[in-house]
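Below: one structure, written as structure tokens.
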Amino acid sequence: MKNFLVYKSSAGSGKTYTLMLVYLGIVLKEPSRFRNILAITFTNKAANEIKQRIISNLKMLLALDKNKIPEKHKHLIDSLKQSTGLELPEVRDRAAKVLTLILHNYGDFAVSTIDSFMHRIIRSFSFDLKLSMNFEVEMNTAMLQAETVDSLLSSVGSDKHITDVLVKFVQERAESDESWQIERDLQKFSSNLFREDAIALLPHLGEFTADKLASVNRKLSDNLRSFEEELIKPAEKAMQLIESYNIDPELFYYGKKGIYNFFRKIVSGDIASASEPNSYVIKTIENNEWLSGKGKKSADGNTILEISPQLTDFYKEIEALGENGQSKYLIYKNIRNNLYPMAVLGELSIRLQAVKKERNVVSIAEFNRIISDIVANEPVPFIYERTGEKFRHYLIDEFQDTSVLQWQNLLPLVENSLSHGGTNMIVGDGKQAIYRFRNGEVEQFVKLPEIDNPQGNELIVQRAQVLEREYAPNQLGANFRSRCEVVGFNNDFFNFATSAFLPDFQKVYEGAGQIADAKNTGGLVRVEFFEGERNEFDEYNCSRVLDLIGELTAAGYQPGDITVLCRSNKNSSNVASFLNANGIKVVSSDSLLLARSPEVNFLVNFLSFLNDNNNSISRTAIVNYLSEKPVFQEIGKHNAYVKANSSEGFFTMLVSAGFAVSTHKLRGLSLYDTCEELIRIFGLHIESPVYMQFFLDEILKYSSSKNTGIAGFLDFWEQNKSKLSLVLPLSRDAVQIMTIHKSKGLEFPVVIYAFADDDFKKLTNQSSWIELNDPDLEELPVALIKIEKALEKTHLSEIYTKEYSKTKLDLLNLIYVAFTRAAERLYVLTGKPPKEADELKSVQALMQAFLISKKMYTESNNTYEFGDNPNVKNVHAPQDAESALPVNFLTNDWRSRLVFAGRAPRVWQAESPGGVQASGNLLHLALSLIIVPDDIDAACDKILNQGFITDADLPELKSKLQMIVGHPAVRPFFGSKGQVAVESEILAPGGKSFRPDRIVFHNTHTDLIDYKAGKPLESHKNQIRQYASLLNEMGYPDIRSWLVYLEAPVEVVSVG
């Protein structure tokens, strides 16, 4: 039996079910094996879903009655019986054992993301990998990018080289009609630091000093100028020859569009023309067509024919120069255009390392590179020794989104497992590979069991041989999600699109056709083309979505059954705002953003104000929010803004409005407590309890990992406010709106794909790192080049053609994900169909070509339907989730609810811990503060202020003290006669110290007093006798010892 199981699936074909089935097949054979299985996926949500599916199915198995097996479980039972060779009673018994083992050893239940797994390995071997033992993982690369950019910009003005580089960087972007907002651009540009090709080659770039930059720039410019001059020379000779005979350009074949213009453009510096002669020029040279109709009638026509051999020679010379030097010229030109971006990237890289070192963090994006550096050259990498011993079976989900480095890092484990007879499973769907911008590489999934090995690494060759020997391909061809009509439409459309649109990656869509359940009918697909002007397209989509929601709810669907998919966040936001404005409840990442809450923004503005009292913008924003409140009506909006001009007037206004804000107190609190205090003061929890709770959760999460106070949180908020949102359960009365990327892995009864006019005018990856190995540019071993069409004329043409094809695949995959989310109905609101059947570059062009192939398309019709009798079988949306939301936000100042003792009690009483303390130690403390009876009030106030008692305890304490001090036998010890020492330390000859409670020194005698709580004991007398002995040795006269028992009734005992 072969153990490298590769499942190629499609949407709704049961990828997670299959992985769960393989997992159960392993553990049911031997329950203890669950510790030896590692299931890997790419998101925490997916990992939790796999765990839940495994546990719920184990519970189902152990509860099965062999005489009453539900129809929906028969496939699972039959599959498990076949894979394990067990009968149902034994399957049930072993399921119980597995479930018990998992629940009692949950830490060994290994289902995790690939990043979590790599982190665990790196953490275990941090010393061997030369990492700090206590390094932190930075999950948020955007924060690292922001800090890196801030560090770079802080050098502007003080560092001439960096200033010059950034100025040039901005100038070049502005000249190219690109954005020139430096901070935002740099942050976006710095994402190049985390690309896998950059991680491999960027370190070779080295530091871009001013001298290095000038040297490289000079060499590139000299080479470019030299080539241009060589190319211009024959063109100039040709023009001089033509002009020497004073020949009219219109006499040449096709006049000024022909060969005359070819030479003229090159002379004027248009070097690209040399490589792109038009058809008239080519026909002139190849067919010897030199004269236009006018030229044939002119006497100068003969002159042209006479000089044509010389002109042909000049053309051939230009052609030869182009063939020999054009590739290098175009690449050098590309590199020179990217020289300053490269210099910026080099500086960013240096500062990124400094930021990581200062914060002692390792970016999660670096895990794969760190491990890859080791596994690439070791047959048995040492960092996998422990892992290899523990895990014997590897199940990898969503493999189409795996990066090259991730797969190379997992290969040694898979190879080791296969060599020991372990089961290894890979499942994925290349048609849903939509995360290439995160380094996902679908080609390695399509090519399995082959492995890319451009360097010819012998270890990879050996590992590929193991995979090929154990390779067992499988196809998941059924669709358990969608109705027949939806499945049929998708089968036809993607079968057509693959051949018409995707010639280079057809293998990705091999086996894309799915088998639907013949009984699951009643689906509908509707395609609507837009017919208006381009500037009306956004409004049209929003209106049509609203109309369709009305149509669907009238047909029996709940709003919660409907999901609107868009490619961009901008379009999602537009639809959400439009639907909200028209009374439709929506749930979207944009509508649930914390930053959309006025109360959250008020809190953030108040934190900004606390961070800087002179921040007038924050004060104005605070007043703007409060001015709508009834308590501010008397002040008036205009007066409120005037008072907010100064900090003093601002605080006076807040106090007069009834808001007791103390900046002194707030600044003494933690960030979390500051926010909660502000929430209580301004009643924000009443206005927006859910948003307040989620905002405090983010505050707590931030404070737990970072301790940078208000200023640090404000920076964090600016970087992440577009991502932080509420996480709420679905509601049947709200329409969902999300991007296509976020919808991956989900299904919905009804999908409306709005703004479906996506195209691939822009390549997904617009730049690439290359190794130069150019002796003329020794200072530049690697370079960042822009991927552009001009590369087709160079030896790097494959970079462009491959990226072009992959971008087309990205678009088709995006369409596939959108089309296959629908279970019952799919509505596609696409753009205006092209008038000419040009190259297929957009959704609407592809859809038009598909309809033409089906002989359905007519220019007069803009709506096309697939499915005859659509119906609504049942209600899908969940019940209202409002009951699951916190309707009451409970908040109290915990300081008013806790009392901290200033010192530990000498006696702990378990049954009544406060009894002895209140009557003994607390009284003991109070008496130490009293010299004469008039000190009782001051002593009580001090104890109250120190937090030892509450206001409610004060009268009782004062009463007890008055009773004790006023006792006839105690009163003399608190008189005005004698010198009093309270808890003065006595150092004994052996170094031990003693501390009597009270000593009153008189001229003729000395009173020694010790307070006690509880019942009289002999040890009490022994203790005070020891004190007396020490005082006697010190020479004090007539020591009189007294024990005062503080429990009512007060008792005074004389100790002889």
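The values are calculated or read from the model by the stated rules, or taken from the named source; none is laboratory data. This structure is a prediction, so every number in the text was calculated from the model and none was measured. All Cβ positions, even for glycine, are placed from backbone atoms using ideal geometry, and neighbour counts span all protein chains on display.
Within the stretch 950-959, work out how many residues are surrounded by 13 or more Cβ atoms within 10 Å (Cβ to Cβ) and more than 14 Å from residue 929 (Cβ to Cβ).
First pass over the stretch 950-959, keeping only residues surrounded by 13 or more Cβ atoms within 10 Å (Cβ to Cβ): 953-954, 957-958.
When the remaining residues are screened for being more than 14 Å from residue 929 (Cβ to Cβ), the result is 953-954.
The number of residues fulfilling the criteria is 2.
Among what's in the stretch 443-461 and is of a type in the set (S, T, N, Q) and surrounded by 14 or more Cβ atoms within 10 Å (Cβ to Cβ), pick the residue that is nearest to residue 846 (Cα to Cα). Outline the logic, then answer.
Of the stretch 443-461, the ones of a type in the set (S, T, N, Q) are 444, 453, 455, 457.
Applying the additional criterion that residues be surrounded by 14 or more Cβ atoms within 10 Å (Cβ to Cβ) yields 444, 453, 457.
On the way: 444: 27, 453: 35, 457: 42 Å.
The extreme case among them is 444.
Could you tell me which residue of the stretch 431-465 is farthest from residue 495 (Cα to Cα), considering only residues that are among the acidic types (Asp, Glu) and out of contact with any helix residue (DSSP H, G or I) (no Cβ under 7 Å at 6 or more places or on another chain)? It would help to see each step written out before you state the result.
Pass one, the stretch 431-465, residues among the acidic types (Asp, Glu): 441, 443, 450, 452, 458.
Of the ones still in play, those that are also out of contact with any helix residue (DSSP H, G or I) (no Cβ under 7 Å at 6 or more places or on another chain) are 443, 458.
Details: 443: 19, 458: 39 Å.
Once the filter is applied, the top-ranked residue is 458.
Of the residues 101, 64, 86, which single one is farther than 30 Å from residue 823 by Cα, outside the structural domain of residue 515 (by TED's automatic domain parsing) and outside any helix (DSSP H, G or I)? Full working, then the answer.
Working: 101 fails: outside any helix (DSSP H, G or I); 64 fails: farther than 30 Å from residue 823 by Cα.
Only one candidate qualifies: 86.
Being at pLDDT below 90 and aliphatic (A, V, I, L, M) is the filter; apply it to the stretch 462-507 and report the residue that is surrounded by the fewest Cβ atoms within 10 Å (Cβ to Cβ).
Looking at residues that are at pLDDT below 90 and aliphatic (A, V, I, L, M), I get 500.
Can you find a residue that is in contact with a Gly (Cβ under 8 Å, 6 or more places away or on another chain), assigned to a strand (DSSP E or B) and farther than 30 Å from residue 376 by Cα anywhere in the stretch 512-521? Give the derivation first.
Of the residues in the stretch 512-521, the ones in contact with a Gly (Cβ under 8 Å, 6 or more places away or on another chain) are 513-516.
Restricting the remaining residues to those that are assigned to a strand (DSSP E or B) gives 515-516.
Those left that are additionally farther than 30 Å from residue 376 by Cα: 515-516.
Yes.
Is the stretch 216-226 home to any residue that is modelled with pLDDT under 95 and touching a strand residue (DSSP E or B) at 6+ places or on another chain (Cβ under 6 Å)?
Of all residues in the stretch 216-226, those modelled with pLDDT under 95 come to 216-226.
Right, trim to touching a strand residue (DSSP E or B) at 6+ places or on another chain (Cβ under 6 Å) and you get none.
Checking the stretch 216-226: not a single residue is modelled with pLDDT under 95 and touching a strand residue (DSSP E or B) at 6+ places or on another chain (Cβ under 6 Å).
Is it true that residue 993 is assigned by TED's automatic domain parsing to the domain that holds residue 926, surrounded by fewer than 19 Cβ atoms within 10 Å (Cβ to Cβ) and out of contact with any Leu (no Cβ under 9 Å at 6 or more places or on another chain)?
no
Mind telling me which of the residues 442, 427, 414 ends up being more than 30 Å from residue 497 (Cβ to Cβ) and of a type outside the set (Lys, Arg)? If you could, list the steps in order and put the result at the bottom.
Working: 442 fails: more than 30 Å from residue 497 (Cβ to Cβ); 427 fails: more than 30 Å from residue 497 (Cβ to Cβ).
Exactly one of 442, 427, 414 is more than 30 Å from residue 497 (Cβ to Cβ) and of a type outside the set (Lys, Arg), namely 414.
I need every pair where a residue in the stretch 841-865 that is over 11 Å from residue 493 (Cβ atoms) has its Cβ under 8 Å from the Cβ of a residue that is assigned to a loop (DSSP other than H, G, I, E, B) and of a type in the set (Ser, Thr, Tyr), sequence separation at least 6 or different chains.
848/857; 864/857
With the condition kept exactly as written, say whether any residue in the stretch 19-42 is out of contact with any helix residue (DSSP H, G or I) (no Cβ under 9 Å at 6 or more places or on another chain) and within 28 Å of residue 119 (Cβ to Cβ).
Taking the stretch 19-42 as the starting set, the residues that turn out to be out of contact with any helix residue (DSSP H, G or I) (no Cβ under 9 Å at 6 or more places or on another chain) are none.
No, the stretch 19-42 contains no residue that is out of contact with any helix residue (DSSP H, G or I) (no Cβ under 9 Å at 6 or more places or on another chain) and within 28 Å of residue 119 (Cβ to Cβ).
Can you name the residue in the stretch 614-634 that is part of a loop (DSSP other than H, G, I, E, B) and at pLDDT below 75 and, of all such residues, is farthest from residue 683 (Cα to Cα)? Talk me through it step by step, then tell me what you get.
Going residue by residue through the stretch 614-634, those that are part of a loop (DSSP other than H, G, I, E, B) are 614-615, 627-629, 633-634.
From what's left, at pLDDT below 75: 633-634.
Numbers: 633: 17, 634: 19 Å.
Among those that are part of a loop (DSSP other than H, G, I, E, B) and at pLDDT below 75, it is 634.
Name the pairs: first residue in the stretch 461-484 and within 30 Å of residue 377 (Cβ to Cβ), second residue of a type in the set (D, E, K, R), Cβ to Cβ under 7 Å, at least 6 apart or on different chains?
Between residues of the stretch 461-484 that are within 30 Å of residue 377 (Cβ to Cβ) and residues that are of a type in the set (D, E, K, R), the close pairs are 463/415; 464/450; 466/415; 470/2; 471/2; 472/2.
Read through the list (1) out of contact with any His (no Cβ under 7 Å at 6 or more places or on another chain); (2) more than 20 Å from residue 186 (Cβ to Cβ), then give the number of the only condition that residue 358 fails.
Evaluating residue 358 over (1) out of contact with any His (no Cβ under 7 Å at 6 or more places or on another chain); (2) more than 20 Å from residue 186 (Cβ to Cβ) leaves (2) as the failure.
Quick one: in the stretch 1035-1056, which of the residues that are without any contact (Cβ under 8 Å) to a residue 40 or more places away in the chain and among the aliphatic types (A, V, I, L, M) is farthest from residue 995 (Cα to Cα)? I'd like the intermediate steps shown before the answer.
Start the filter on the stretch 1035-1056 by keeping residues that are without any contact (Cβ under 8 Å) to a residue 40 or more places away in the chain, which leaves 1035-1041, 1043, 1045, 1049, 1051, 1053-1056.
This time we only want the ones that are among the aliphatic types (A, V, I, L, M), so: 1039, 1043, 1053, 1055.
On the way: 1039: 16, 1043: 14, 1053: 19, 1055: 18 Å.
Result: 1053.
Of all residues in the stretch 768-792, which are crowded, with 19+ Cβ neighbours inside 10 Å and under 21 Å from residue 191 (Cβ atoms)?
Correct list: 768, 769, 782, 783, 784, 785, 787.
Give just the number: which of (1) surrounded by fewer than 18 Cβ atoms within 10 Å (Cβ to Cβ); (2) modelled with pLDDT of 90 or more; (3) among the hydrophobic types (A, V, I, L, M, F, W, C) does residue 988 not satisfy?
So the condition that residue 988 fails would be (2).
Can you find a residue that is surrounded by 13 or more Cβ atoms within 10 Å (Cβ to Cβ), assigned to a helix (DSSP H, G or I) and in contact with an Asp or Glu (Cβ under 8 Å, 6 or more places away or on another chain) anywhere in the stretch 848-857?
Yes, that holds for at least one residue.
Count, please, the residues in the stretch 734-761 that happen to be at pLDDT 85 or above and either exposed (fewer than 15 other Cβ atoms within 10 Å of the Cβ) or of a type outside the set (Val, Ile, Thr) (or both).
First, the residues of the stretch 734-761 that are at pLDDT 85 or above: 734-759.
Checking the rest, the ones that are also either exposed (fewer than 15 other Cβ atoms within 10 Å of the Cβ) or of a type outside the set (Val, Ile, Thr) (or both) come to 734, 736, 738, 741-749, 753-759.
Residues flagged as at pLDDT 85 or above and either exposed (fewer than 15 other Cβ atoms within 10 Å of the Cβ) or of a type outside the set (Val, Ile, Thr) (or both) within the stretch 734-761 amount to 19.
State whether the residues of the stretch 526-544 include one that is under 14 Å from residue 735 (Cα atoms), of a type outside the set (Gly, Ala, Ser), outside any loop (DSSP other than H, G, I, E, B) and modelled with pLDDT of 90 or more. Give the derivation first.
Initial filter on the stretch 526-544 (under 14 Å from residue 735 (Cα atoms)): 542.
Filter once more, keeping what is of a type outside the set (Gly, Ala, Ser): 542.
When the remaining residues are screened for being outside any loop (DSSP other than H, G, I, E, B), the result is 542.
From the residues that got through so far, the ones that are modelled with pLDDT of 90 or more too are 542.
Taking every residue of the stretch 526-544 in turn, at least one turns out to be under 14 Å from residue 735 (Cα atoms), of a type outside the set (Gly, Ala, Ser), outside any loop (DSSP other than H, G, I, E, B) and modelled with pLDDT of 90 or more.
Out of the residues in the stretch 1036-1049 that are at pLDDT below 90 and surrounded by fewer than 19 Cβ atoms within 10 Å (Cβ to Cβ), state the one that is farthest from the chain's Cα centre (by Cα). It would help to see each step written out before you state the result.
At the first step, the residues of the stretch 1036-1049 found to be at pLDDT below 90 are 1046-1049.
Applying the additional criterion that residues be surrounded by fewer than 19 Cβ atoms within 10 Å (Cβ to Cβ) yields 1047-1049.
Values: 1047: 64, 1048: 66, 1049: 69 Å.
This residue is 1049.
Among the candidates 780, 746, 772, 724, which residue alone is aliphatic (A, V, I, L, M) and closer than 21 Å to residue 597 by Cα? Steps first, please.
Values: 780 fails: closer than 21 Å to residue 597 by Cα; 746 fails: closer than 21 Å to residue 597 by Cα; 772 fails: closer than 21 Å to residue 597 by Cα.
The unique qualifying residue is 724.
Need at least 3 residues that are surrounded by 20 or more Cβ atoms within 10 Å (Cβ to Cβ) and of a type outside the set (Lys, Arg) per element, so show me which helices (runs of 4 or more DSSP H) inside the stretch 131-228 make the cut, counting only ones lying wholly within it. Don't jump to the end; show me each part of the working.
On the way: elements: 141-153, 160-175, 182-189, 196-201.
Of the helices (runs of 4 or more DSSP H) lying wholly inside the stretch 131-228, those with at least 3 residues that are surrounded by 20 or more Cβ atoms within 10 Å (Cβ to Cβ) and of a type outside the set (Lys, Arg) span 141-153, 160-175.
Restricting attention to the stretch 481-505, report how many residues are touching a Ser or Thr at 6+ places or on another chain (Cβ under 7 Å), among the hydrophobic types (A, V, I, L, M, F, W, C) and part of a loop (DSSP other than H, G, I, E, B).
1
Scan the stretch 11-28 for residues that are among the small types (Gly, Ala, Ser) and closer than 29 Å to residue 487 by Cα and jot them down. Working first, answer last.
Within the stretch 11-28, the subset among the small types (Gly, Ala, Ser) is 11-14, 25.
Those that are among the small types (Gly, Ala, Ser) and closer than 29 Å to residue 487 by Cα: 11, 12, 13, 14.
Looking only at residues that are in contact with a Leu (Cβ under 8 Å, 6 or more places away or on another chain) and assigned by TED's automatic domain parsing to the domain that holds residue 29 in the stretch 115-139, which one is nearest to residue 24 (Cα to Cα)? Break it down stepwise before answering.
Of the residues in the stretch 115-139, the ones in contact with a Leu (Cβ under 8 Å, 6 or more places away or on another chain) are 117, 122, 138.
Subset that is assigned by TED's automatic domain parsing to the domain that holds residue 29: 117, 122.
Numbers: 117: 21, 122: 29 Å.
This residue is 117.
Give the residue, chosen from 679, 737, 710, that is in contact (Cβ under 8 Å) with a residue 60 or more places away in the chain, of a type in the set (A, V, I, L, M, F, W, C) and not assigned by TED's automatic domain parsing to the domain that holds residue 601. Spell out the reasoning first.
Working: 679 fails: not assigned by TED's automatic domain parsing to the domain that holds residue 601; 710 fails: not assigned by TED's automatic domain parsing to the domain that holds residue 601.
So the residue among 679, 737, 710 that is in contact (Cβ under 8 Å) with a residue 60 or more places away in the chain, of a type in the set (A, V, I, L, M, F, W, C) and not assigned by TED's automatic domain parsing to the domain that holds residue 601 is 737.
Check off (1) under 21 Å from residue 933 (Cβ atoms); (2) surrounded by fewer than 15 Cβ atoms within 10 Å (Cβ to Cβ); (3) in contact (Cβ under 8 Å) with a residue 40 or more places away in the chain for residue 947 and give me the number that stays unchecked.
That leaves (1) as the condition not met.
Of the residues that make up the stretch 986-998, is at least one within 20 Å of residue 1031 (Cβ to Cβ), among the acidic types (Asp, Glu) and touching a Ser or Thr at 6+ places or on another chain (Cβ under 6 Å)? First the steps, then the outcome.
The first filter runs over the stretch 986-998 and keeps only residues within 20 Å of residue 1031 (Cβ to Cβ), leaving 986-998.
Within this subset, residues satisfying the condition of being among the acidic types (Asp, Glu) are 997.
When the remaining residues are screened for being touching a Ser or Thr at 6+ places or on another chain (Cβ under 6 Å), the result is none.
No: the stretch 986-998 contains no residue that is within 20 Å of residue 1031 (Cβ to Cβ), among the acidic types (Asp, Glu) and touching a Ser or Thr at 6+ places or on another chain (Cβ under 6 Å).
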